[in-house]
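The values are calculated or read from the model by the stated rules, or taken from the named source; none is laboratory data. Everything numeric here is computed off the predicted structure, so don't read it as measured data. Positions of Cβ are generated from backbone atoms using ideal geometry, with glycine treated the same way; all protein chains shown enter the neighbour counts.
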Amino acid sequence: MIKFGVAGNSKSFFDEGGETTAEAAAWCAARGIDIFEYSFGRGVTMNESTAKKIGEAFRQSGVELTVHAPYFINFSNPDPEMIQKSIGYVLSSCKKAADFGGDRVVVHPATQGKLSREGAMKLLLENVVKLHDALEEKGYGSTKICFETMGKTAQMGSLDEIISVVNLFDQYYPCIDFGHINAREQGILNNPENYNTLIQKMLDFMPENKVFNMHVHFSKIQYGAKGEIRHLTFADEIYGPDYRPLMEIFRKYGMTPYVVCESDGTQAEDAMEMKRYFLSLG
């Protein structure tokens, strides 16, 4: 079943008196939100007991928790010590996902740095193999590690690069951020036909189950010559992209992704706008 959710708490949650993440469980459920993505973007510091308390609140409310690993992960870093730190960040994120009762962890793959694109990609592929070995060793072999398409040209994470990573192991899934792709490719998805082109490419080069059950991030994003600048809301009429053609493709193909809205402060309202439109398609 397709699910729609939010990345963190919306402005409206706080405006209505919400304070803690545990309180967000019932708040999300009351609005029909299916998923809450908890970001450990600045580091994994939450203790186990707090994580389990949050997980129980969401379980009782029927809202699924997913995790976003720290933003500073870089599997193209040439320093082996830094690779071990990146592996550690993913393992810590998997532990929190387990404490929450979830099984999806979103990961930013890497930055190119001073390396050639080919050199950075070679390191990325080598190091996500090491990550897989560590995940197996620590008992996280069933956690879905969702590698994200990235919005800046200096970041590793084009669709082709994510396909190459995801095809390495069964537990590696794509996190397709359509706003990032649109920003990276200078508004490519403002032509609705290009949504279909992307989905077809994924179906051609990736296992069907990973495409149909992929993780999705969606928001409108301002971009410049180097790609992503900042996240916007659905009120934006300049940058896009429009979510409606994508919902139509999901309905047409019977796809069941997790769709997480990353709008700037209106993620709950915009997530529900996507969900209502998808349901209206019959």
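A residue that is buried (at least 24 other Cβ atoms within 10 Å of the Cβ) and either small (Gly, Ala, Ser) or under 12 Å from the mean Cα position of the chain (by Cα) (or both) can be found somewhere in region 165-173.
Can you say whether Lys52 is out of contact with any strand residue (DSSP E or B) (no Cβ under 9 Å at 6 or more places or on another chain) and charged (D, E, K, R), as far as the supplied structure shows? Against the criterion (out of contact with any strand residue (DSSP E or B) (no Cβ under 9 Å at 6 or more places or on another chain) and charged (D, E, K, R)), Lys52 qualifies. For region 9-29, name all the residues that are buried (at least 20 other Cβ atoms within 10 Å of the Cβ) and assigned to a loop (DSSP other than H, G, I, E, B). Asn9, Ser10 - these are the residues of region 9-29 that are buried (at least 20 other Cβ atoms within 10 Å of the Cβ) and assigned to a loop (DSSP other than H, G, I, E, B). Can Ala120 be described as of a type outside the set (Val, Ile, Thr), modelled with pLDDT of 95 or more and under 14 Å from Glu148 (Cβ atoms)? So Ala120 does not fit the description; no.
Give the residue that is surrounded by the most Cβ atoms within 10 Å (Cβ to Cβ), with candidates limited to residues of region 30-50 that are over 19 Å from the mean Cα position of the chain (by Cα) and under 20 Å from Cys94 (Cα atoms). Top of the filtered list is Met46.
No other residue among Ala154, Ala225 is out of contact with any helix residue (DSSP H, G or I) (no Cβ under 9 Å at 6 or more places or on another chain) and in contact (Cβ under 8 Å) with a residue 60 or more places away in the chain apart from Ala154. With respect to (1) without any contact (Cβ under 8 Å) to a residue 40 or more places away in the chain; (2) more than 13 Å from Phe36 (Cβ to Cβ); (3) surrounded by fewer than 20 Cβ atoms within 10 Å (Cβ to Cβ), the lone exception for Asp103 is condition (1). In region 83-97 there is no residue matching the filter, namely being part of a strand (DSSP E or B), touching a helix residue (DSSP H, G or I) at 6+ places or on another chain (Cβ under 9 Å) and either hydrophobic (A, V, I, L, M, F, W, C) or more than 30 Å from Arg251 (Cα to Cα) (or both).
Residue count for region 119-166 satisfying the condition of being of a type in the set (Gly, Ala, Ser) and part of a helix (DSSP H, G or I): 4. Pairs meeting the criteria (first residue in region 228-247 and in contact (Cβ under 8 Å) with a residue 60 or more places away in the chain, second residue polar (S, T, N, Q) and crowded, with 17+ Cβ neighbours inside 10 Å, beta carbons under 7 Å, at least 6 apart or on different chains) are Pro241/Asn182. Annotation note: of Phe205, Phe212, Phe234, the sole residue that is out of contact with any Pro (no Cβ under 6 Å at 6 or more places or on another chain), hydrophobic (A, V, I, L, M, F, W, C) and crowded, with 19+ Cβ neighbours inside 10 Å is Phe234.
Selection of region 212-221 for residues being under 21 Å from His68 (Cβ atoms) and either in contact with a helix residue (DSSP H, G or I) (Cβ under 9 Å, 6 or more places away or on another chain) or not in a loop (DSSP other than H, G, I, E, B) (or both) yields Met214, His215, Val216, His217, Phe218, Ser219, Lys220, Ile221. Here Pro70 clears all of (1) in contact with a Ser or Thr (Cβ under 6 Å, 6 or more places away or on another chain); (2) of a type outside the set (Ser, Thr, Tyr); (3) closer than 15 Å to Phe147 by Cβ; (4) assigned to a loop (DSSP other than H, G, I, E, B) except the condition numbered (1). Among the residues of region 129-163, the ones that are over 27 Å from Gln222 (Cα atoms) and not aliphatic (A, V, I, L, M) come to 12 in all.
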